[in-house]
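Have a look at the structure below, then the notes.
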Amino acid sequence: QVQLVESGGALVQAGGSLRLSCAASVRNFDDYAMGWFRQTPGKGREFVAGINWYGDKTNYEDSVKGRFTISRDNAKNTMYLQMNSLKPEDTSVYYCNAGVVWNGRTYVNGTYWGQGTQVTVSS
């Protein structure tokens, strides 16, 4: 069983930065590729960024490329999402996901989800 807890969401002005964290309670964190997804009311949950088990392969949704950086610290069982140059359209609940799978084009969500953290970007 994998338990995930996100933190770091906040209200920030456009152009600002935030760093989200995802702490995992699991014995073998480095067995899991990880990802960040986000969801706004009335829309489905969408992929934001993914990272493989070792941390040397990442993938991003087009609208966040060059602004967001995903990383992980396997020694701390933690994944991060550094978000820079935030835009109002980044406003969403951000979810951590464990067990993402690379399908050759993007990461598809795995089984385990955190509870989400709210990011609100004001214009």
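The values are calculated or read from the model by the stated rules, or taken from the named source; none is laboratory data. Since this is a predicted model, take the numbers as computed values, not measurements. Don't worry about glycine lacking a Cβ; one is built from the backbone with ideal geometry, like all the others, and counts go over all protein chains shown. We work out accessible area using only protein heavy atoms, side chains counted, and drop any ligands, DNA or RNA first. Shrake-Rupley method; radii C 1.70, N 1.55, O 1.52, S 1.80 Å.
Taking the condition open to solvent by less than 50 Å² (accessible area, probe 1.4 Å), farther than 19 Å from Glu6 by Cα and in contact (Cβ under 8 Å) with a residue 24 or more places away in the chain, does Ser92 pass? Break it down into steps so the answer makes sense when it comes.
Working: open to solvent by less than 50 Å² (accessible area, probe 1.4 Å): yes; farther than 19 Å from Glu6 by Cα: no; in contact (Cβ under 8 Å) with a residue 24 or more places away in the chain: yes.
No; evaluated as a whole, the condition is false for this residue.
Can you confirm whether segment 68-81 contains a residue that is hydroxyl-bearing (Ser, Thr, Tyr), open to solvent by 30 Å² or more (accessible area, probe 1.4 Å) and in a loop (DSSP other than H, G, I, E, B)? Before the answer, list the steps.
Residues of segment 68-81 hydroxyl-bearing (Ser, Thr, Tyr): 69, 71, 78, 80.
Subsequent filtering for residues that are open to solvent by 30 Å² or more (accessible area, probe 1.4 Å) retains 69, 71, 80.
Checking which are in a loop (DSSP other than H, G, I, E, B) leaves us with none.
Taking every residue of segment 68-81 in turn, none turns out to be hydroxyl-bearing (Ser, Thr, Tyr), open to solvent by 30 Å² or more (accessible area, probe 1.4 Å) and in a loop (DSSP other than H, G, I, E, B).
Residues in segment 1-36 that are in contact with a helix residue (DSSP H, G or I) (Cβ under 7 Å, 6 or more places away or on another chain) and either on the phi > 0 side of the Ramachandran plot or hydrophobic (A, V, I, L, M, F, W, C) (or both): how many?
Pass one, segment 1-36, residues in contact with a helix residue (DSSP H, G or I) (Cβ under 7 Å, 6 or more places away or on another chain): 14, 29-30.
Narrowing the set further to residues that are either on the phi > 0 side of the Ramachandran plot or hydrophobic (A, V, I, L, M, F, W, C) (or both) leaves 14, 29.
Number satisfying all stated conditions: 2.
Can you list residue pairs whose Cβ atoms sit under 7 Å apart, with the first residue in segment 99-123 being within 22 Å of Ser85 (Cβ to Cβ) and the second being among the charged types (D, E, K, R) and open to solvent by 30 Å² or more (accessible area, probe 1.4 Å)? Count only pairs 6 or more apart in sequence or on different chains.
Qualifying pairs under 7 Å: Val121/Lys87.
Looking for whichever is touching a strand residue (DSSP E or B) at 6+ places or on another chain (Cβ under 7 Å) and under 21 Å from Ala10 (Cβ atoms) here; the options are Val101, Val108, Val48. Which one fits?
Details: Val101 fails: under 21 Å from Ala10 (Cβ atoms); Val108 fails: under 21 Å from Ala10 (Cβ atoms).
Only one candidate passes the filter, namely Val48.
Please go through segment 37-59 and give me each residue that is among the β-branched types (Val, Ile, Thr) and within 13 Å of Ala98 (Cα to Cα), ordered by number. Walk me through how you get there before you give the answer.
Within segment 37-59, the subset among the β-branched types (Val, Ile, Thr) is 40, 48, 51, 58.
Selection gives Ile51 alone.
Can you name the residue in segment 11-42 that is farther than 13 Å from Arg72 by Cβ and without any contact (Cβ under 8 Å) to a residue 24 or more places away in the chain and, of all such residues, is least open to solvent (accessible area, probe 1.4 Å)?
Within segment 11-42, the match that is least open to solvent (accessible area, probe 1.4 Å) is Asn28.
Just one of (1) outside any strand (DSSP E or B); (2) in contact with an Asp or Glu (Cβ under 6 Å, 6 or more places away or on another chain); (3) at pLDDT 95 or above trips up Gly9, so point out which.
Here Gly9 meets the rest and fails (2).
Write out, first by first residue and then by second, each pair whose Cβ atoms fall under 7 Å of each other, whose residues are 6+ apart or on separate chains, and whose first residue, in segment 57-68, is closer than 19 Å to Thr91 by Cβ while the second is buried (at least 17 other Cβ atoms within 10 Å of the Cβ) and of a type in the set (Ser, Thr, Tyr).
The qualifying pairs are Phe68/Tyr60.
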